[in-house]
Amino acid sequence: MNENEISYKIRSAIFNVYNNLGPGLLESAYEAALSYELKKENLKIQNQVGLPMIYESVNIDVGYRIDIVVENKVIVEVKSVDALMDVHHKQVLTYLKLSGLKLGILVNFNSDIISDNIVRKVNGL
């Protein structure tokens with residue numbers, strides 16, 4: 001499966017979670033429910049994946065964690081905030097850069113219209 005096919009399944013899973021839970025819960029609740037939905041689709045996922053920072057060729061563990069990595073190809077960053085801010089978008093782009101992956105999805109479940117709060121981010125490599 002390529003990144004676009006995986007992204008399609010991720011979006012579907014996001015809609016399922018949102019339709020079942022609605023807004024207003026903690027990020028951890030949405031992450032757990034989304035992970036469950038992705039596993040139901042037979043997708044390989046990893047939660048809270050450690051992401052080291054490489055600085056001057058030195059691997060520095062600063063505690064970065066990717067919420068979900070799907071099929072070792074797509075990062076999913078889960079938020080439950082009043083509004084997505086620039087820093088959230090930059091976070092996903094930085095995670096893509098540090099991980100070397102091409103596609104990230106930023107989702108804010110604390111919204112009235114979920115489709116307006118699912119954002120694809122692409123690593124320009």
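Just checking, does segment 80-102 include any residue being part of a strand (DSSP E or B) and within 11 Å of the chain's Cα centre (by Cα)? Outline the logic, then answer.
Filtering segment 80-102 for residues part of a strand (DSSP E or B) gives none.
There is no residue in segment 80-102 that is part of a strand (DSSP E or B) and within 11 Å of the chain's Cα centre (by Cα).
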Residue count, segment 1-33, condition of a type in the set (D, E, K, R) and within 16 Å of D112 (Cβ to Cβ), comes to 0
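Return the residue satisfying two criteria in turn: it lies in segment 95-124 and is of a type in the set (G, A, S) and in contact with a strand residue (DSSP E or B) (Cβ under 7 Å, 6 or more places away or on another chain), and of such residues it is farthest from L26 (Cα to Cα). Write out each step before concluding.
Here is the first cut: in segment 95-124, the residues of a type in the set (G, A, S) are 99-100, 104, 111, 115, 124.
Those still in the list that are in contact with a strand residue (DSSP E or B) (Cβ under 7 Å, 6 or more places away or on another chain) too: 99, 104.
Working: S99: 26, G104: 21 Å.
If we take residues in segment 95-124 being of a type in the set (G, A, S) and in contact with a strand residue (DSSP E or B) (Cβ under 7 Å, 6 or more places away or on another chain), then S99 is farthest from L26 (Cα to Cα).
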Those residues of segment 52-71 which are in contact with a strand residue (DSSP E or B) (Cβ under 8 Å, 6 or more places away or on another chain), exposed (fewer than 12 other Cβ atoms within 10 Å of the Cβ), over 28 Å from P23 (Cα atoms) and not acidic (D, E) amount to I54, N59, I60, V62
Note: among I105, I54, just one is touching a helix residue (DSSP H, G or I) at 6+ places or on another chain (Cβ under 7 Å) and part of a strand (DSSP E or B), namely I105
Across segment 74-125, the tally of residues that are touching a Lys or Arg at 6+ places or on another chain (Cβ under 7 Å), among the polar types (S, T, N, Q) and at pLDDT 95 or above stands at 1
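Does at least one position in segment 98-105 carry a residue that is surrounded by 12 or more Cβ atoms within 10 Å (Cβ to Cβ), in contact with a His (Cβ under 7 Å, 6 or more places away or on another chain) and without any contact (Cβ under 8 Å) to a residue 40 or more places away in the chain?
At the first step, the residues of segment 98-105 found to be surrounded by 12 or more Cβ atoms within 10 Å (Cβ to Cβ) are 98-99, 101-105.
Those still in the list that are in contact with a His (Cβ under 7 Å, 6 or more places away or on another chain) too: none.
No, every residue in segment 98-105 fails to be surrounded by 12 or more Cβ atoms within 10 Å (Cβ to Cβ), in contact with a His (Cβ under 7 Å, 6 or more places away or on another chain) and without any contact (Cβ under 8 Å) to a residue 40 or more places away in the chain.
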Within segment 72-108, residues under 18 Å from N19 (Cα atoms) and touching an Asp or Glu at 6+ places or on another chain (Cβ under 8 Å) come out as V78, K79, S80, L106, V107
The condition from (1) free of Cβ contacts under 8 Å to residues at least 40 places away in the same chain; (2) acidic (D, E); (3) part of a helix (DSSP H, G or I) that D61 misses is numbered (3)
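The values are calculated or read from the model by the stated rules, or taken from the named source; none is laboratory data. Just so it is clear, the model here is predicted, and its values are computed rather than measured. Cβ sites come from the backbone with ideal geometry, for glycine too, and all protein chains shown count toward neighbours.
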